[in-house]
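Nothing in this text is a laboratory measurement; each read-out follows from the coordinates by a stated rule. Everything quoted here is computed from the prediction, not taken from an experiment. Neighbour counts run over all protein chains shown; Cβ positions are idealised from the backbone, glycine included.
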Amino acid sequence: MKLMKTVVLMSLSSAFMVTSVMAQEPLLKPVEAVGNAPLLASKSYKQYRVDSSEIDSAQVSDRAAGRLIAGTKVVNTLSGEPGEVSGIVAVLINDQNIDALAQQFGLAVERRYDRLNLALLKAEAGTDMLQLRRDMMGVDGISGVDIEIVEQLRSTQ
């Protein structure tokens, strides 16, 4: 009888150990096959990529050239939420005239925060936002440029 109890306890404990080890292993997400997988799987900017459901041939060539166009639909790769490149850039300015900077790049001043040395500048639809960011970072007196992507952060339940 003692032998039987020992065998049952051993089998139960080994089954429990296997189950607990399996629960600790990370689960891998299945990867969805997409026709343009290398092109669409990469990030366009930060954690965003171009939305493959609304992509057309012009956007494919833009992505291949490394462009992120104002007005493009994007998807947050972390949350899966859709978003849009608004065409607004947040510029952190040290010693620069905001109006002169906006005129230099053909942008409109959306909003300015003089105490923070921050300005929100709006580009026209169709502007290559990554190239605009690179060009603005090359100007003396600018310490940071961030492209605004609008997405709904919270949803009603």
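Remarks
- The amide H of ARG112, built 1.01 Å from its N in the peptide plane, has LEU120 as neighbours under 5 Å, considering only residues 5 or more places off or on other chains.
- Phi-derived couplings, Karplus 6.51 cos²θ - 1.76 cosθ + 1.60 at θ = phi - 60°, listed residue by residue for region 126-136: x, 6, 6, 6, 5, 5, 4, 4, 4, 5, 5 Hz, with x used for Gly and Pro.
- Under 5 Å from the amide H of GLU81 lie the amide H atoms of ASN76, each residue being 5 or more positions distant or on a separate chain, with H modelled from the backbone and absent for Pro and chain starts.
- Each peptide in 109-120, 125-136, 85-96 was scored by the mean count of other Cβ atoms within 10 Å over its residues; highest first, the order is 85-96, 125-136, 109-120.
- Look at THR72, THR6, THR156, THR77 and count the other Cβ atoms within 10 Å of each Cβ; fewest to most, that gives THR156, THR6, THR77, THR72.
- Amide H contacts under 5 Å for THR72: VAL85, restricted to partners 5 or more places along the chain or on a different chain, H placed in the peptide plane at 1.01 Å from N.
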